[in-house]
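J.: Here you go, one structure.
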Ligand code: HEM
Ligand SMILES: [Ca+2]
Ligand SMILES: [Ca+2]
């Protein structure tokens, strides 16, 4: 059972400490907020919101950082480490890495112009990671709408309001060409681009992402307000300017129950913000560890104990 006042006695400044690091990071990297909310999402979808995504590989752990949706893609780990270091100085052993991801996600939205809300806290950190589950659960941008809905349902969210609201996270941040290039030249073996892509937008994307070019080139997920958390993601979809296939399908799939939700959010930012908060809290509650489950990691990339040494040989030779 999470609570809003979990650190009030043990680390009353936790939230402001995290915010201090975040504001600093924003100054050199306007993308960092987007990267941090994505870490929270990729954490919660794999074994719950337990900071499993932050663990590095060891003899016994295969890091989720190597999973399809994370490898050469997930970023912001260094900023999480800075937040953790600052918290360990102020209140050693108190604030979990899973809660850091939750708080950083909410603050990233708020600092980018989106809603702020009360975080529910008290998550504890896993002692395991699961790369197999990460490969299975993290949605790929080439899924059909039915497959996408199923990924959300599989973790305990729903495939309509939660899916559409949380997809609104693509109102900021960037994507590499490799994640949408399948739409630009030969969509589903048709030798034609994706017909649900605006022609002018298509031409710009083709210029940015030539066939056989560098798949790691970046562009904005939200073509109209790339760093602001607003409802333009949804008006883009109405104009056939969604970047990822999985974005545009929410609006362009004939008869889908997601279409009306996109239209609602596109015409009413307040409705989007209110439902986004609800869905973020629902996502943040997925399979959390509480009470005496798990641990409070001292370093977010390692479980506690001597596990930073990979074997007994290292232990001997380190003396
Ligand atoms: C619905 C299924 C989703 C799919 C298929 C998907 C896919 C992707 C892909 C392919 C990227 C680009 C990664 C890269 O280029 O390295 C991305 C970025 C991003 N995603 Fe999603 N995503 C989904 C849902 C979400 C959700 C639920 C959130 C948060 C609530 C979210 C937040 C973000 C953000 C903020 C970025 C930009 C990150 C950055 O700039 O570092 N996504 N997503
Ligand atoms: Ca996790
Ligand atoms: Ca935006």
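None of the figures in this text is laboratory data; all of them are computed from the coordinates on show. Not measured: the values here are computed from a predicted model. With ideal geometry, Cβ positions are generated from the backbone for all residues, glycine too; neighbour counts draw on all protein chains shown.
J.: Mean 1/r over all different Cα pairs, inverted: what Kirkwood radius does the chain give, in Å?
T.: One decimal place: 20.4 Å for the Kirkwood radius.
J.: Checking the a/c ratio against 1.5 first, then a/b against b/c, what shape does the Cα gyration tensor give for region 68-174?
T.: Prolate, since a/c reaches 1.5 and a/b exceeds b/c.
J.: For region 118-271, take every pair of Cα atoms, bin their distances at 10 Å starting from 0, and report each bin as a whole percent.
T.: 10, 37, 35, 15, 3, 0
J.: Per-residue counts of other Cβ atoms within 10 Å, averaged by peptide: what ranking do you get for 279-289, 41-51, 1-11, highest first?
T.: 41-51, 279-289, 1-11
J.: Only Cα pairs under 8 Å and at least 6 apart count here; give the relative contact order of the chain as a rounded whole percent.
T.: 25
J.: To continue, here is another question. Region 262-285 to region 17-36: how many Å between their Cα centroids?
T.: 23
J.: Taking 0.36 nm per residue of sequence separation and subtracting the Cα-Cα distance, how much length would be gained by fully extending the chain between residue 24 and residue 71, in nm to one decimal?
T.: Full-extension gain reported as 14.4 nm.
J.: Measure out, as a whole number of angstrom, how far apart the alpha-carbon centroids of region 170-205 and region 53-87 sit.
T.: Answer, in whole Å: 29.
J.: For the chain, what does -39500 (n - 2.57) per DSSP helix run (n ≥ 4), summed and divided by total residues, give at 222 nm, in deg cm²/dmol to the nearest 500?
T.: Value at 222 nm, helices only: -13000 deg cm²/dmol.
J.: Which whole-number percent is the relative contact order of region 157-280 (Cα, under 8 Å, 6+ apart)?
T.: It comes to 33 percent, rounded to a whole number.
J.: To the nearest 10 degrees, how steeply does helix 145-155 sit against the main Cα axis of the chain, on a 0 to 90 scale?
T.: Roughly 20 degrees between the two axes.
J.: Based on the Cα atoms of region 4-128, what semi-axes does the equivalent ellipsoid have, where each is the square root of 5 times one gyration tensor eigenvalue, given in whole Å with the largest first?
T.: 22, 18, 13
J.: Something else: For residue 254 and residue 9, compute 0.36 nm times the residue count separating them, minus their Cα-Cα distance, and round to one decimal in nm.
T.: 83.0 nm
J.: Grab the beta carbon distance between residue 82 and residue 228, set R0 = 22 Å, and tell me the FRET efficiency rounded to 0.05.
T.: Here the calculated transfer efficiency is 0.35.
J.: Also, I was wondering about something else. Please check which bits of region 175-219 a label hung off residue 144 would reach, taking the label as a point 7 Å along Cα-to-C-beta and the cut-off as backbone N under 17 Å.
T.: 187-190, 195-196
J.: Starting from the Cα of residue 90, step 7 Å along the direction of its Cβ; do the same at residue 217; then give the gap between the two resulting points in nm.
T.: Spacing of the two 7 Å Cα→Cβ label points: 4.3 nm.
J.: Follow-up question, since we're still on this one. Measure nothing but the geometry: give the 0 to 90° angle between the long axis through the Cα atoms of 269-284 and the longest principal axis through the Cα atoms of the chain, rounded to 10°.
T.: Here the helix axis deviates by roughly 40 degrees.
J.: What is the calculated FRET efficiency for residue 269 to residue 182, with r their C-beta to C-beta distance and R₀ = 35 Å, to the nearest 0.05?
T.: The value I calculate is 0.70.
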